[in-house]
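Student: Before I ask anything, here is the structure I am working with.
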Amino acid sequence: MLIGKKPNILPSEITPRDIYLGRREVLAGIGAAGIGTIMSRPAAAAKLTSVKSPLSTTETATPLKDVSTYNNYYEFGTDKSDPAQAAGNFKPTPWSVEIGGMVAKPGTLTLEDIMKPVTLEERIYRMRCVEGWSMVIPWNGFALAELLKRVEPLGSAKFVAFETVVRPAEMPGQRGSFQPLPWPYREGLRLDEAMHPLTILATGLYGETLPNQNGAPLRLVVPWKYGFKGIKSIVRITLVDKMPETSWQLQNKNEYGFYSNVNPDVDHPRWSQATERRIGEGGLLAKRRPTLKFNGYADQVASLYAGMDLKASY
Ligand code: MTE
């Protein structure tokens, strides 16, 4: 989304390639070679038990290798390969999230508190990045509504604001003179969007805990919006009565709006949004596919925007 600049990565922060490249292939390779004791997967990765959701797409999932090495996570650098290489020192445990603002029961919940009552589901979603590429990702997560209901939003609450952790010591993109975005990374949803059953908080993908580069330990996933709404490594959730500021709007409000619904009819000021390249499908020469309104989720979500001018509210 921006001009790339190398982050300030210390040699000790560079993750070995075999660790960030598809943990399964590494393990399979080890099994075949019979060296059962070598463990190349990150200590944090653990198997998750999830129930299959009827809200999943049946489209072919993008390979784990692509999902975990072609990322946007500017706290670790602006190149697609930076997050996988530079996020190895990030510590997603222990973790807690402060939930407050216009709620009857504000508080700070540990990740374990958050997870205890929820049913983890596998949600295979189409994901569309504003840059013009897409993936199909098997997330493991739960409805954000489950968490919001627990803190009891007040009648005055109209929006939900989210913030990512700020940790320059572990996030090389937050150090040095070049800062691509104002930190903390901020995002927001209207309360009805946040309560929609398709909106999830993800704690895993491909049946294992989230890799750091994908937003461990907890990130937002809103499949009918451009990928940048999917804020990673969330530490604060605040219910408010006014539309919150978002990092991308602060960075360039003419290019990035609050709603950011996937819409092939509304071009980005600098490029068309009519088509997309599916990552993992035949490289740069592969035929682009048409982008669908609300990323193909119109039946479920178009009613949220009834009567709105989606060109003005982009
Ligand atoms: N969250 C934080 N904190 N920082 C970021 O730079 N990038 C966003 C979003 N969430 C970003 C973020 C963008 S632009 C996209 S496309 C998605 O994360 C990418 O998610 P993925 O790397 O898991 O595919």
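Student: Check cross-link reach from Lys116 to the lysines: straight Cα distance under 25 Å, and skip same-chain residues fewer than eight apart.
Tutor: Lys47, Lys52, Lys91, Lys105, Lys149, Lys232
Student: OK, next. Taking all protein chains as present, what is the carbon and sulfur share of the accessible area of the chain, in % to the nearest whole number, probe 1.4 Å? All intermediate terms of the calculation are to be shown ahead of the outcome.
Tutor: Details: 7990 of 13780 Å².
Exposed carbon and sulfur together represent 58 percent of the surface.
Student: Now, a different point. Once you wrap a convex hull around the alpha carbon atoms of region 100-208, what is its projected area averaged over all directions, in nm²?
Tutor: Result: a mean projected hull area of 8.8 nm².
Student: Averaged per residue, what accessible surface does the chain expose to a 1.4 Å probe, in Å²?
Tutor: Details: 13780 Å² over 314 residues.
Here the per-residue accessible area is 44 Å².
Student: Right, another one. For a quick check, take a GNM of the chain with Cα springs below 10 Å and name the residue from Asp79, Asp299, Asp192 with the largest mean-square fluctuation.
Tutor: Top of the fluctuation ranking is Asp299.
Student: While we're here: Around Ser247, what is the net charge, scoring Lys/Arg as +1 and Asp/Glu as -1 over all other residues with Cβ under 13 Å from its Cβ?
Tutor: Net of charged neighbours comes to -1.
Student: Further, regarding this structure: Between Lys116 and Thr58, what is the label-point separation in nm under the 7 Å Cα-to-beta-carbon projection?
Tutor: Label at Thr58, label at Lys116, 4.0 nm between them.
Student: Another one. If r is the Cβ-Cβ distance from Ser313 to Leu10 and R0 is 51 Å, what FRET efficiency results, to the nearest 0.05?
Tutor: Using R0 = 51 Å, I get an efficiency of 0.75.
Student: Related question: For the chain, what is the mean residue ellipticity at 222 nm derived from helices alone (per DSSP H run of n ≥ 4: -39500 (n - 2.57); sum divided by total residues; nearest 500 deg cm²/dmol)? Present the calculation step by step, with values, prior to reporting the outcome.
Tutor: Working: 9 runs with 51 residues, N = 314.
Calculated mean residue ellipticity at 222 nm is -3500 deg cm²/dmol.
Student: How big is region 29-305 in terms of Cα radius of gyration and Dmax, in angstroms?
Tutor: 18.4, 61
Student: List the residues whose amide H sits under 5 Å from the amide H of Ile14, counting only those 5 or more places along or on another chain, with H placed 1.01 Å from N in the peptide plane.
Tutor: Here nothing satisfies the definition.
Student: Write out the trypsin sites (Lys or Arg not before Pro) in region 264-302 meeting two conditions: DSSP loop, and at most 10 other Cβ atoms within 10 Å of their Cβ. Walk me through the numbers before you get to the answer.
Tutor: Numbers: sites: Arg270, Arg277, Arg278, Lys287, Arg288, Lys293; in loops: Arg270, Lys287, Arg288.
Listed in order of number, the matching sites are Arg270, Lys287.
The values are calculated or read from the model by the stated rules, or taken from the named source; none is laboratory data. Keep in mind that this is a model prediction, so the values were computed, not measured. Neighbour counts run over all protein chains shown; Cβ positions are idealised from the backbone, glycine included. Surface areas here come from the heavy atoms of the whole protein model, side chains and all, with no ligands, DNA or RNA. Shrake-Rupley method; radii C 1.70, N 1.55, O 1.52, S 1.80 Å.
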